[in-house]
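*Asks:* First, the structure itself, so that you have it in front of you.
The values are calculated or read from the model by the stated rules, or taken from the named source; none is laboratory data. Computed from a prediction, not measured in an experiment: that's the story for all the values here. Note: ideal-geometry Cβ built from the backbone for every residue, glycine included; neighbour counts use all protein chains shown.
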Amino acid sequence: MNNTVGVLALQGAYQKHVESLSSLGVGSRLIRRASELNGCCALILPGGESTTISLLLQKNDLYSPIKTFAENHPVLGVCAGMILMASDVDDERVTPLGLLPFRASRNFYGRQMHSFSADVTLDFDDRPFNAPFIRAPGIEKLSPEITRLATLNNNAVMIGMGDHIALSFHPELTDDTRIHAYWLNRFERAMYY
């Protein structure tokens with residue numbers, strides 16, 4: 001069974017996800033074209049600039065292939081990637097993929113100068129996760145089928161449904177691989193790490 005995880009590499013901090021996966025013993029492939037999704041067992045949509053990534057998805061003819069891929073494969077969306085996974089976004093410049101039924105609010109936690117780190121409460125681990133929030137989006141209008149997986153001040157900052165997970169913060173910018181490991185463990189694949 002193939003255990004290569006695709007990492008969208010159009011813009012943003014995609015290389016850090018490659019490093020996180022590597023530290024867990026999981027192989028990855030940078031995705032810039034639809035054909036590169038072939039053979040991947042899952043996909044990470046990294047942080048970056050959501051309006052730019054949305055435009056590049058269209059320009060590189062990746063929008064529909066990623067939607068199709070996500071029907072049968074797990075997706076992890078981080079920050080801008082989380083915005084793209086939403087069914088609704090508070091910015092008309094972003095065309096969301098509609099992978100999870102919630103509304104994303106861009107820059108919910110402030111602009112770049114308001115970036116911060118905070119301990120978030122994980123629903124799947126007793127230890128808090130020190131999470132970097134960088135121009136972090138908010139998670140709003142959750143459908144009942146979505147599970148809250150992490151909170152900050154009672155606000156959802158990580159959610160999941162099926163094999164898909166979306167989060168407001170950047171776990172790849174830390175040495176703590178629990179978020180990536182949790183996502184990998186959620187779906188039944190031949191992952192060895």
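*Asks:* May I ask you to say which residue of F129, F124 is at pLDDT 95 or above, in contact with a Leu (Cβ under 9 Å, 6 or more places away or on another chain) and over 28 Å from Y63 (Cβ atoms)?
*Replies:* F129
*Asks:* Regarding G81, is this residue in contact (Cβ under 8 Å) with a residue 24 or more places away in the chain, over 25 Å from R178 (Cα atoms) and touching a strand residue (DSSP E or B) at 6+ places or on another chain (Cβ under 9 Å)?
*Replies:* In short, no.
*Asks:* Show me the strands (runs of 3 or more DSSP E) found entirely inside the range 132-183 where at least 1 residues are at pLDDT 95 or above.
*Replies:* 147-152, 155-161, 164-167
*Asks:* Can I ask one more? Out of the range 123-166, which residues are among the β-branched types (V, I, T) and buried (at least 17 other Cβ atoms within 10 Å of the Cβ)?
*Replies:* Passing the criteria: I134, I139, I146, V157, I159, I165.
*Asks:* Among strands (runs of 3 or more DSSP E) lying entirely in the range 1-100, which contain 1 or more residues that are buried (at least 19 other Cβ atoms within 10 Å of the Cβ) and polar (S, T, N, Q)?
*Replies:* In the range 1-100, the matching strands (runs of 3 or more DSSP E) lie at 28-31.
*Asks:* If you don't mind, another one. Here is a check on your reading of the model: is G12 touching a residue at least 40 places away in the same chain (Cβ under 8 Å), under 19 Å from A86 (Cα atoms) and in contact with a Pro (Cβ under 7 Å, 6 or more places away or on another chain)?
*Replies:* When the stated conditions are applied, G12 passes them.
*Asks:* Please pick out the residue among I53, I31 that is touching a strand residue (DSSP E or B) at 6+ places or on another chain (Cβ under 7 Å) and hydrophobic (A, V, I, L, M, F, W, C).
*Replies:* On inspection, the qualifying residue turns out to be I31.
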